[in-house]
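The values are calculated or read from the model by the stated rules, or taken from the named source; none is laboratory data. Owing to the predicted nature of the structure, the values given are computational and were not obtained by experimental measurement. Cβ sites come from the backbone with ideal geometry, for glycine too, and all protein chains shown count toward neighbours.
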């Protein structure tokens, strides 16, 4: 059963405690509200302002699990706070599993400060959890997939269109790196895991993957520059930096270019491209 009064109070306290700078928003000179405004929270949670306002009043409907998950992300809640939110909303607490979709608040705070940089949060299955707008312009919106196709590894070996973003001469090496990444996760998680399910699906779908899997490739200690073929900006040579959160098996992947290069100039243009020009793509998240 939903405790609407307690839910409203909890949302309000978390909204008032969250500062604009923490979510990449300008404070402005005329801000009188403690913390964030309701419309700002609604935007962060991808819901209407009216819906969020009714939740805080409280006179809104019982929020669905999807809405509660969106609120947890938008308000940058910890896992413990997210679980409490679900209880207040009258739903069972989500089972905690490795690589779940809830992005760590620390990761989110860093991502919020990278609004002009291609960056994304991925889990150990290669599933994109959040992207900055430049990352969407570079790679396409990789959060829209469902089922096994949520995994960049799965798309790389089963969907030829996912390879268009990479020069053909580098496909073989990219395939090896993808398999090595999954081998590392499989070794860590074992044969009774979601990684194992993904591996079994890929062995069944892709002879290329099956052959490479038998070779047991291992990732190197560094991430070499990577080249991307963008339909409007041409070839981009980018460096990949990765921050790993061991507790949740998530990684923040950031792409930068050497200052003063043509790639650096073009990366700055990604933020200016309309969403309609974004392309589908794949990223190696390690």
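Return the residues of the stretch 9-19 that are surrounded by fewer than 15 Cβ atoms within 10 Å (Cβ to Cβ) and part of a loop (DSSP other than H, G, I, E, B); say none if nothing qualifies.
19
Could you say which residue among 113, 59 is out of contact with any helix residue (DSSP H, G or I) (no Cβ under 6 Å at 6 or more places or on another chain), in the same structural domain as residue 231 (by TED's automatic domain parsing) and surrounded by fewer than 19 Cβ atoms within 10 Å (Cβ to Cβ)? I'd like the intermediate steps shown before the answer.
Details: 59 fails: in the same structural domain as residue 231 (by TED's automatic domain parsing).
Going through 113, 59 in turn, the sole match is 113.
Just to check your reading of the model, which residue among 196, 201, 249 is modelled with pLDDT of 95 or more and in contact with a helix residue (DSSP H, G or I) (Cβ under 9 Å, 6 or more places away or on another chain)?
Just a single option satisfies the conditions, and that option is 201.
Looking only at residues that are in contact with a helix residue (DSSP H, G or I) (Cβ under 6 Å, 6 or more places away or on another chain) and modelled with pLDDT of 90 or more in the stretch 14-45, which one is farthest from residue 81 (Cα to Cα)?
The extreme case among them is 39.
Picking from 137, 119, which residue would you name as being out of contact with any strand residue (DSSP E or B) (no Cβ under 7 Å at 6 or more places or on another chain) and crowded, with 20+ Cβ neighbours inside 10 Å?
Every option except 137 fails the conditions.
For the stretch 199-228, name all the residues that are in contact with a strand residue (DSSP E or B) (Cβ under 6 Å, 6 or more places away or on another chain) and either surrounded by 17 or more Cβ atoms within 10 Å (Cβ to Cβ) or farther than 30 Å from residue 261 by Cβ (or both).
The answer is 226, 228.
Out of 82, 96, which single residue is more than 30 Å from residue 273 (Cα to Cα), buried (at least 19 other Cβ atoms within 10 Å of the Cβ) and modelled with pLDDT under 90? Walk me through it before giving the result.
On the way: 96 fails: buried (at least 19 other Cβ atoms within 10 Å of the Cβ).
Unique residue meeting the criteria: 82.
Can you pull out every residue in the stretch 140-174 that is outside any helix (DSSP H, G or I) and either surrounded by fewer than 17 Cβ atoms within 10 Å (Cβ to Cβ) or within 16 Å of the chain's Cα centre (by Cα) (or both)?
Listed by number, the residues that qualify are 140, 141, 142, 143, 144, 145, 146, 151, 159, 164, 167.
Which one is farthest from the chain's Cα centre (by Cα) among residues in the stretch 20-45 that are surrounded by 12 or more Cβ atoms within 10 Å (Cβ to Cβ) and at positive phi?
35
Mind listing whichever residues of the stretch 50-91 are touching a residue at least 40 places away in the same chain (Cβ under 8 Å) and part of a loop (DSSP other than H, G, I, E, B)?
Scanning the stretch 50-91 gives 57, 58, 59, 60, 62, 63, 75, 76, 77, 89, 90.
Being touching a helix residue (DSSP H, G or I) at 6+ places or on another chain (Cβ under 6 Å) and closer than 25 Å to residue 20 by Cα is the requirement here; does residue 86 meet it?
yes
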